[in-house]
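**Student:** For reference, the structure I am asking about is given below.
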Amino acid sequence: MGKTFLKPNSLSDNHTHYCPGCKEAAHGRAPAMATGIKRVRPDLNVFTYQGDGDLASIGMSEIIHSANRGEKFTTIFVNNAVYGMTGGQMAPTTMPNQKTTTSPFGRDVKDVGMPIKMANLLAALQTPGYIERTTVLKPKYIVKAKKAIKKAFIYQMEKKCFSFVEVVSTCPTNWGMTPQDSIKWAEDTLLPYYELGVFKDTPKMEEKNAK
Amino acid sequence: MAKVLMKGNEAIGEAAIRAGCLNYFAYPITPQSEVAEYLAKRMPEVGGMFLQGESEVAVGYMLFGASACGERVFTTSSSPGISLMSEAISYIAAAQCPVVFVNIMRGGPGLGGILPSQADYSQSVKGGGHGDYKLLVMAPASVQEAVEMVTEAFVLAEKYRNPVMILGDGLIGQMMEPVEFPEKVAAKPSDKSEWATTGMDTRKSDKRNLVKTLFLDPEELNRHNLMLKEKYKKMEAEEVRYSTYNTDGDYKAVIASYGTMSRVCKTAIDMLKKEGIEVCMIRPQTLFPFPEVAIRKAVEKKSCKLAISIEMNMGQMVEDIQRSVSGIVPVKWYGKCGGEIPTPEETAEAVKKYLNNEE
Ligand SMILES: Cc1ncc(C[n+]2csc(CCOP(=O)(O)OP(=O)(O)O)c2C)c(N)n1
Ligand SMILES: [Mg+2]
């Protein structure tokens, strides 16, 4: 039988739970660290890979300012509506009434507000160039997500703009669901709220206008 | 009350409630998150307040605000989170607000690891944030002691109008042990009308309270620092706590050790005793104020050849011991700081090695 999938060359065999070959910033500070890298080595391809607790909570300031300066790196934002690594606490992206270990009775929006839509929020800034929300719940979405991520990196390589790709994903362990149920829950609950699509694509618009 | 089996983190949360603290701000971090998870359920039952902050930086100032209103308030975190709170801790100490902090330490520096460590000794005892301030630092060695220290911390914080830090290693938070909650709940909150900003309704006189940390007048700032210094001196005179182990005989060395590590040391001391080697231990229960006098007295015994600091870090307490023994005996260190806890055998071996080299 032939091989259908091969590991990309960019992935090494490094044993780490972070992406191999990366640097590891303090919780929430990756965009500041990426700024430091990009400013001294603009030739490098730089991306941050951040969770929703990381980016939308503790790191809110860093992502907004990096985006607003138009730092020419790429942010991949994995939104699973929960703090996964630390065992399932409430995140700013946790859905109304969603139960987590620190919202055992469900997220009370009267007490802590509605979940933050990061792509929408960043799109309100004038500077950032490319912002899209994708998901990896099913193959049909994965194809789109791949395209979005590729585009984000191409913009970076062309030194065009700051790019932000939100990836709505699941966290079966901390949602207390089977992987199958979690895909259904995400489609039924997350996607209507975190609507997929392109929020901003300034380079594309500029190209169009130039024509 | 009967004994219950409880995880350290949960017992700490329960102890705070029983100490009359119904206000809790926190941010998730391993190995401490169970406190927040416990209190998320428990606070509503007792009419208390829990808010998960957006970061430890924010939590630090939520504590400052709540405490400035004269309310009992506390937080729990672990090492990297305490680093982020350190700015607020400096402000809270400067403004003399009685906030209780619990640090369930993990390995550092940086992200380090999530296993037990005592690597924040210096951060807690020597500063962490900027400026001349001191925290009253307590180091529990069991879940039971953690509960008792939490209970007392609120009283001490209010007595001195100073933040108190409970410095527990990861094992204290993660371990389950039988615990008995103190029958008597902590003292009534002290009268805060002299300093707290409680709003117009409750103001007793025309005097306005102001919680502040900015003193642009150099003389005034100097006076403020001298006043703080007096307070720290008073803590040194009145609040030193420690326990001793095997101090009766003619011991050859004094071990200084705190927290979980001190329990391993006890076993190591028993093992050495069986081999005919006498070693004693002074276990600081307060790291600031430090049991300086007790340690000096212990090394003054004729038979004593050395002092050994045994801690799960690279020897952060050594200089405090050196200061205490003022040259009477050499001060050594043994420990590990990757998250592994040295075994009694390893500890006994390390002590023996030092003693052999002495002879
Ligand atoms: C200053 C600081 N506070 C807290 C933590 C603990 N911590 C590690 S990862 C994390 C959040 C994980 O959630 P998220 O960013 O949503 O990523 P996920 O695991 O869900 O992919 C937290 C709170 C830390 N490492 N540093
Ligand atoms: Mg997450």
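The values are calculated or read from the model by the stated rules, or taken from the named source; none is laboratory data. From a predicted model like this one, the values you see are computed outputs, not experimental measurements. Quick reminder, even Gly has a Cβ in these numbers, built from the backbone with ideal geometry, and neighbours come from all protein chains shown. Heads up: the accessible areas ignore ligands, DNA and RNA and are worked out on the full protein's heavy atoms, side chains in. Shrake-Rupley method; radii C 1.70, N 1.55, O 1.52, S 1.80 Å.
**Student:** Grab the helices (runs of 4 or more DSSP H) fully contained in segment A:96-182, keeping just those with 3 or more residues being more than 30 Å from A:GLU71 (Cβ to Cβ) and not small (Gly, Ala, Ser). Steps first, please.
**Tutor:** Values: elements: A:109-112, A:118-123, A:139-157, A:172-175.
Where helices (runs of 4 or more DSSP H) fall fully within segment A:96-182 and carry at least 3 residues being more than 30 Å from A:GLU71 (Cβ to Cβ) and not small (Gly, Ala, Ser), they are A:109-112, A:172-175.
**Student:** Restricting attention to segment A:60-73, and to residues there that are assigned to a helix (DSSP H, G or I) and of a type outside the set (Val, Ile, Thr), which single residue is farthest from ligand 2 (Cβ to nearest atom)?
**Tutor:** Filtering first and then ranking leaves A:ARG69.
**Student:** For B:TYR38, all conditions in the list (1) of a type outside the set (A, V, I, L, M); (2) more than 21 Å from B:ALA141 (Cα to Cα); (3) surrounded by fewer than 22 Cβ atoms within 10 Å (Cβ to Cβ) hold save one; what is the number of the exception?
**Tutor:** (3)
**Student:** Take the residues in segment A:65-95 that are out of contact with any helix residue (DSSP H, G or I) (no Cβ under 7 Å at 6 or more places or on another chain) and within 14 Å of A:LEU122 (Cα to Cα), then tell me which one is nearest to the other protein chains (Cβ to nearest Cβ).
**Tutor:** So the residue we want is A:HIS65.
**Student:** If I filter segment A:112-135 for residues that are within 14 Å of another protein chain (Cβ to nearest Cβ), out of contact with any His (no Cβ under 7 Å at 6 or more places or on another chain) and surrounded by fewer than 15 Cβ atoms within 10 Å (Cβ to Cβ), do I get at least one hit?
**Tutor:** yes
**Student:** Under 6 Å by Cβ, and 6 or more places apart or on different chains, what pairs join a residue from segment A:52-69 that is more than 26 Å from A:ASN174 (Cα to Cα) with one that is open to solvent by less than 40 Å² (accessible area, probe 1.4 Å) and within 16 Å of ligand 1 (Cβ to nearest atom)?
**Tutor:** Listed pairs, sorted by first residue: A:GLU62/A:PRO31; A:SER66/A:PRO31.
**Student:** Just one of (1) away from chain A (no Cβ under 12 Å); (2) crowded, with 22+ Cβ neighbours inside 10 Å trips up B:LYS7, so point out which.
**Tutor:** (2)
**Student:** What tally of residues in segment A:24-59 results from selecting those that are outside any loop (DSSP other than H, G, I, E, B) and more than 12 Å from ligand 1 (Cβ to nearest atom)?
**Tutor:** 11
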